[in-house]
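Structure, as structure tokens:
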Amino acid sequence: MTKKDLKAVLDAHLLWIQSGGKEGPRANLSGANLSDAGLSDADLRGANLSGANLSGANLSGADLSDADLSDAGLYGAEITVIFSKYTCHLSWLKDGTTCIRIGCKCIPVAEYEAKKEELADANDRSWWDAEGQYIFGFLKGEATRYDAKKNADEVPL
């Protein structure tokens with residue numbers, strides 16, 4: 001997809017958001033090749049990004065609330081994203097440990113399951129029930145894919 005085509009889709013999507021879905025189409029970027037795309041601060045609320053190739057894309061500050069990211073390829077993407085009222089992203093410690101970070105709290109992926117309830121209690125429970133579990137599940141999946149590729153020597157370190 002060209003930058004011009006992507007801009008047209010995002011502009012129309014913004015109109016859709018601002019009009020409450022009454023004007024313009026919702027962004028349908030399903031299966032689109034958006035590798036290395038500059039999507040920082042993009043408003044992608046409710047966008048269909050299923051199966052999109054977002055490898056290497058810059059999604060810093062993008063709002064992906066209610067976006068469909070099923071089967072999206074995010075390997076190498078900058079995925080510090082704003083899904084709602086919390087900023088969540090993957091972090092890598094110096095020892096190579098992959099962590100899920102919410103705000104200032106960093107949880108190693110290996111400890112995620114044991115810490116879910118602690119996270120829910122430490123944050124707004126209604127946010128956790130509505131969005132937090134999905135966000136952490138998504139980031140956990142991305143971390144698992146990254147680690148698998150890294151361990152298979154497919155990722156340059």
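The values are calculated or read from the model by the stated rules, or taken from the named source; none is laboratory data. Everything numeric in this text was worked out from a predicted model, so none of it was measured. Here the Cβ positions follow ideal geometry from the backbone for every residue, glycine too, while neighbour counts run over all protein chains shown. With ligands, DNA and RNA removed, areas are computed over all heavy atoms of the protein, side chains included. Shrake-Rupley method; radii C 1.70, N 1.55, O 1.52, S 1.80 Å.
State which residue is modelled with the lowest pLDDT when the search covers only region 124-146 and only residues that are farther than 15 Å from residue 100 by Cβ and loosely packed, with under 13 Cβ neighbours inside 10 Å.
Applying the first criterion (farther than 15 Å from residue 100 by Cβ) to region 124-146 yields 124-127, 129-130.
When the remaining residues are screened for being loosely packed, with under 13 Cβ neighbours inside 10 Å, the result is 125-126, 129-130.
Working: 125: 78, 126: 78, 129: 75, 130: 71.
So the residue we want is 130.
Filter region 20-31 for residues that are open to solvent by less than 50 Å² (accessible area, probe 1.4 Å) and modelled with pLDDT of 95 or more and give the result. The answer is 27, 29. The combined condition, being modelled with pLDDT of 75 or more, part of a helix (DSSP H, G or I) and touching a Phe, Trp or Tyr at 6+ places or on another chain (Cβ under 8 Å), is not fulfilled by residue 149.
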